[in-house]
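The block underneath contains the structure these notes are about, expressed in structure tokens.
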Amino acid sequence: MREPKSEYLLRIMRSGSDRAKQLKLTDRISNLTALGFVHDAAFVRKYVDETRACVLPYAEAVNANMFRELSNLVDNRAQSLDPGPTRGG
């Protein structure tokens, strides 16, 4: 039976080696950057939610700079899904 993605991410971020954690953060940063070109809102929402729940809570302890970059990307992608009211209208 295949391990659910959320469990895999939590396992890496909780008990993986320092290198594995850094690689996972690098991978997430790269993937979130690429999500700017994805138009499937449900996929983007799931990826953002998964990152918030399973990666961000552990990221700052791994690398503060990567945590800030990842946090900014998550916020930007979430905002692109929920742009809110427009100005002047």
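Laboratory data are not the source of any read-out in this text; all were calculated from the coordinates shown. Computed from a predicted structure; not experimentally measured. Virtual Cβ from ideal backbone geometry, glycine too; neighbours counted across all protein chains shown.
Overview of values
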item	result
³J(HN,Hα) computed for each position of the range 54-63 - Karplus, 6.51 cos²θ - 1.76 cosθ + 1.60, integer Hz, glycine/proline x	10, 10, 4, x, 10, 5, 4, 5, 7, 6
Estimated [θ] at 222 nm from DSSP helical runs (n ≥ 4, -39500 (n - 2.57)) normalised by residues in the chain, nearest 500	-24000 deg cm²/dmol
Highest to lowest packing among 47-56, 16-25, 3-12, scored as the average C-beta count within 10 Å	47-56, 16-25, 3-12
Relative contact order computed over the range 17-82 (Cα-Cα under 8 Å; 6+ residues apart), in percent	45
Rounded to whole Hz, the Karplus (6.51, -1.76, 1.60) HN-Hα couplings of the range 2-16, x for glycine and proline	7, 6, x, 4, 4, 5, 4, 4, 4, 4, 4, 6, 8, 9, x
With Cα atoms, 0 to 90° folded angle of helix 64-81 axis to the chain main axis	40
Per-residue HN-Hα couplings for the range 40-45 [Karplus 6.51, -1.76, 1.60; θ = phi - 60°; Hz; x = Gly/Pro]	8, 4, 5, 5, 4, 4
